[in-house]
Every structure is written in C-alpha cells, then in structure tokens.
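Encoded as structure tokens, the structure appears first; notes follow it.
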C-alpha cells in the first residue's frame with residue numbers, strides 16, 4: 001500500500017507526457033533493486049513540474065516490491081521524527097527483531113515509550129534495521145515526497161540511511177522542490193525535473209482540454225505555463241470553466257502564470273467576493 005498525499009500523474013491516465021527519460025531512469029533504478037542492489041535518488045524541481053507524478057509512476061511500477069511512502073508536511077517541520085515516523089509506521093511489526101538499544105531509541109523517538117530524547121544515530125541505525133528486515137522478504141521501495149519540508153531530526157536520520165546502504169534490495173527516492181526550503185539529503189544522485197519541452201506541453205494541452213482550443217488561447221496558455229505541467233493544467237481548466245474552449249477569439253481570463261502554481265491560485269482568488277477571498 002502507498003499514499004503520496006493524493007498525488008496524481010500530471011498527464012492523466014497512461015504514460016506521463018514528456019517524462020519518458022525520467023520514467024526510464026526510475027525503471028532502471030527498480031531493475032537494479034530487483035537485481036539485489038540498493039539505490040537512492042532525489043527528484044528535484046520547481047513546484048508543479050510533476051515530481052509527485054513520477055513518484056506515483058515509481059510506485060505503480062513496483063510490482064513484486066513492498067512499498068512504503070511518506071509525504072513531509074510543512075506544518076510538522078517542528079515535530080521531531082515526524083517524517084521518519086510516517087515512513088516507518090507500516091514496518092513497526094518488525095520492531096521486535098531490532099537489538100534492545102535500537103528498539104528503545106526508535107520507540108522513544110516515536111512516543112511509544114517514555115525516556116530522554118534518543119541519540120539520532122541510534123534512531124538512524126534502527127530505521128536501517130527496519131528497512132533491511134522488510135527487504136529480506138522482498139525488494140523495498142521507499143517513496144518520500146516534499147522532502148524540502150522534513151523536520152530536522154528526520155532529515156538527519158534519512159540522510160544517514162540514504163548514504164549508507166541498508167543491504168540489498170532497497171530503493172529510497174526523495175522528491176524535493178528546488179530551491180529547497182530546508183536541507184534535503186545532500187550528496188545523493190539527483191534527477192532534475194524541469195519544464196516540459198514545447199512539443200510535450202502541446203501534447204499535454206491537447207490531452208487535457210475537453211474540446212478544441214482556439215489557437216490564440218492555446219498559444220497564450222502555453223506561453224504563460226512555460227512548460228510547468230500543473231500550471232498548464234490549471235490554465236486549461238480555468239479556460240474551460242470560463243467558456244474559452246472551441247473557436248472563440250477571446251483571450252482566457254488569466255494574468256501571467258508566474259513561476260509556479262501558486263500564481264494560478266492567486267488569480268482564481270481574484271474572482272471571488274471579498275469575504276470569499278478572506
């Protein structure tokens with residue numbers, strides 16, 4: 001089972017438009033892990049470029065593997081070990097196989113037993129033990145979204161785990177915004193997820209639109225989205241809602257999309273009454 005916080009492929013059903021190279025890299029990572037290796041990778045890109053969709057691709061392709069997933073939450077950045085707990089919760093049935101000091105450290109970190117704040121290195125070793133125990137049964141895939149919002153303790157633990165292979169058949173894949181708001185595991189292999197090339201952006205627009213787009217409307221949407229899949233889809237939806245699908249010469253009611261999906265949200269807020277905006 002997996003849960004990436006509701007993430008869905010940016011291109012809808014089927015293959016991700018314009019992400020063939022990134023999907024192939026993740027498929028190779030899975031092949032390595034199924035073959036007995038351990039791999040770590042950071043998917044890095046701006047908001048809305050499809051990192052969560054790539055994690056969903058990874059999970060969907062992980063047949064025969066055990067998958068554990070986590071999505072760091074900005075509001076939990078001050079809660080020690082919050083992200084680690086989310087990742088490890090499905091594996092706590094293996095807690096009893098850990099040596100006593102590691103079991104105690106992890107139990108204390110997760111609030112399962114009383115005690116002083118645990119040594120992060122012991123927590124890191126305990127997490128490695130859990131992952132290794134899970135991977136002994138079948139390959140293990142750890143999919144971690146929004147890593148830029150790790151709490152400090154989780155960042156240190158997951159950095160420790162990702163840098164030191166836990167044994168065979170484990171993959172740890174992180175998705176993080178660039179620039180990141182906080183430290184994500186440094187020094188790991190990075191796959192940059194940029195904007196879509198023009199041809200892929202046009203293909204995504206054609207797939208997403210509920211009907212033919214007026215050429216002028218389509219060109220303006222493509223220009224404003226600048227290859228960002230989420231912005232592109234938001235603009236398509238806004239255009240459809242505003243009645244600009246099919247051969248209408250009018251321009252879609254949008255301002256410049258800016259650098260990310262937040263700008264599209266701001267534009268939609270402008271159409272609300274004052275009380276609604278508040």
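Throughout, read-outs are computed from the coordinates displayed, never taken from laboratory work. The structure presented is a predicted model; accordingly, all values stated were derived computationally and were not measured. No Cβ is skipped: glycine too gets one built from the backbone with ideal geometry, and neighbour counts run over all protein chains shown.
Stretched out fully, how many nm does the piece from residue 163 to residue 79 gain, at 0.36 nm a residue minus the Cα gap? Please report the intermediate quantities before stating the final value.
Numbers: separation 84, 0.36 × 84 = 30.24 nm, distance 2.31 nm.
Between residue 163 and residue 79, full extension yields 27.9 nm more.
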Using a Förster distance of 51 Å, the FRET efficiency for residue 206-residue 112 (Cβ separation, nearest 0.05): 0.50
Inter-label distance, nm, simple model (7 Å from Cα along the C-beta direction), residue 223/residue 61: 3.6
The rounded separation in angstrom of the Cα centers of the range 22-55 and the range 186-240 is 22
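Tell me, what is the FRET efficiency for residue 237 and residue 32 to the nearest 0.05, using R0 = 45 angstrom and their Cβ-Cβ distance as r? Intermediate results must be reported in sequence, preceding the final value.
Values: r = 38 Å, r/R0 = 0.85.
E between residue 237 and residue 32, to the nearest 0.05, is 0.75.
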Residue 20 to residue 190: FRET efficiency via 1/(1 + (r/R0)^6), r the Cβ-Cβ distance, R0 22 Å, to the nearest 0.05? 0.75
